[in-house]
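One structure is given below, encoded as structure tokens.
The values are calculated or read from the model by the stated rules, or taken from the named source; none is laboratory data. Remember, it's a predicted structure, so these values are computed and weren't measured experimentally. So basically every Cβ, Gly included, is an ideal-geometry build from the backbone, and we count neighbours across all protein chains shown. When the accessible area is computed, the model is the full protein with side chains, heavy atoms only, and any ligands, DNA or RNA have been set aside. Shrake-Rupley method; radii C 1.70, N 1.55, O 1.52, S 1.80 Å.
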Amino acid sequence: MFKSKKDTVYVVLAGIFITNAIVAELIGGKLIHVGSAVMSIGILPWPVVFISTDLINEYFGEKGVKKLSLITAALIAYCFVLLYAALKIPAVQGQNLITDSQFTAVFGQSMWIIVGSITAFLVSQLIDVTIFHFVKNRTGNKMIWLRSTGSTVISQLFDSFIVLGIAFWMTGKMTTEVYILSAFTGYFVKLTIAILLTPLIYLGHYIIEKYIHSN
């Protein structure tokens, strides 16, 4: 059993955070069109990561976020090891069965995406937590939206360029022009979603406060 309700909150938020981060890595190899730009479908779970990061930041501080970020990065790396092993083990041959080439087509692309994402994830999380607490130290408990959105605005700019740079540009899968356009497109999509989800940050605060202080 957990020692306090706050411990339960941390475990729940950590579970949401880790699950969405890992799912983003696994589906990140699929590229989609947003207008004329190309973007990884792995962006879909990240808004949930934004919300959980901000709530963990709010209630458990820099240490809570940094500890969870390192754990998540280690688990993503663990997924990388398992995927690598799975790719090397031959599949059973037969009709209506997944072949090695099909499996590789889906998960083989995730290798460099995982490397890029781990790097981008750690860098962006460090930037996010630093800016979040810089703003919070100056605004106190007021203006939750400012520290939440402000930290996301800066951190996700780095995240967008780092992950695409390592996973697609450095590997020759994207030209420089496509890379820059795609990075900015992904950034603005994430930023737009983060702004639209700002009310959920307040809802999360309300639910957590009510749960922690309930009898």
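By the helix-only formula, in which each DSSP H run with n ≥ 4 contributes -39500 (n - 2.57) and the sum is divided by residues, the chain has a 222 nm mean residue ellipticity of -25500 deg cm²/dmol. Put simply, the amide H of Ser40, placed in the peptide plane, has neighbours under 5 Å in Ile32, leaving out anything fewer than 5 places away on its chain.
Any chance you could run the full-extension gain for Thr192 through Thr19? It's 0.36 nm times the residue separation minus the Cα-Cα distance, nm to one decimal. Mind dumping the intermediate values first?
Working: separation 173, 0.36 × 173 = 62.28 nm, distance 2.23 nm.
Contour length minus the Cα-Cα distance gives 60.1 nm.
FRET efficiency for the pair Thr176 and Leu203, taken as 1/(1 + (r/R0)^6) with r the Cβ-Cβ distance and R0 = 30 Å, rounds to 0.15. Between helix 5-27 and the chain there is an angle of about 20 degrees, using the helix long axis and the longest principal axis of the Cα atoms.
Taking Ala77, Ala167, Ala85 in turn, the Gaussian network model of the chain (Cα-Cα springs below 10 Å) assigns the largest fluctuation to Ala85. The C-alpha atoms of the chain define a longest principal axis, and helix 46-88 lies at about 20 degrees to it. To put it simply, the accessible area of the range 166-215 at a 1.4 Å probe is 73 percent carbon and sulfur. Reported to the nearest whole Å, the Cα centre-to-centre distance from the range 17-43 to the range 129-152 is 27.
The GNM of the chain, with springs linking C-alpha atoms under 10 angstrom apart, assigns the highest mean-square fluctuation among Thr198, Thr72, Thr152 to Thr198. By how many degrees, 0 to 90 and rounded to 10, does the Cα axis of helix 144-164 deviate from the longest principal axis of the chain? With both axes taken from Cα atoms, the answer is about 20 degrees.
What is the sum of charges, Lys and Arg at +1 and Asp and Glu at -1, for the other residues whose Cβ falls under 12 Å from the Cβ of Val129? Let's see the in-between values first.
Numbers: positive: Lys63, Lys66, Lys67, Lys136, Arg147; negative: Asp54, Glu58, Glu62, Asp128.
In short, +1.
Given their separation in residues at 0.36 nm each and the Cα-Cα distance between them, His213 and Val92 gain 38.0 nm when the chain is fully extended.
Using per-residue counts of other Cβ atoms within 10 Å, averaged over each peptide, order 98-108, 49-59, 21-31 from highest down. Walk me through the numbers before you get to the answer.
Details: 98-108: 13.2, 49-59: 22.9, 21-31: 19.2.
Top of the packing list down: 49-59, 21-31, 98-108.
Extension gain, Leu44 to Phe184: 0.36 nm times the residue separation minus the Cα-Cα distance gives 48.8 nm. Using a cut-off of 31 Å between Cα atoms, the listed pairs Lys30/Lys66; Lys6/Lys190; Lys30/Lys136 include Lys30/Lys136 as exceeding that distance.
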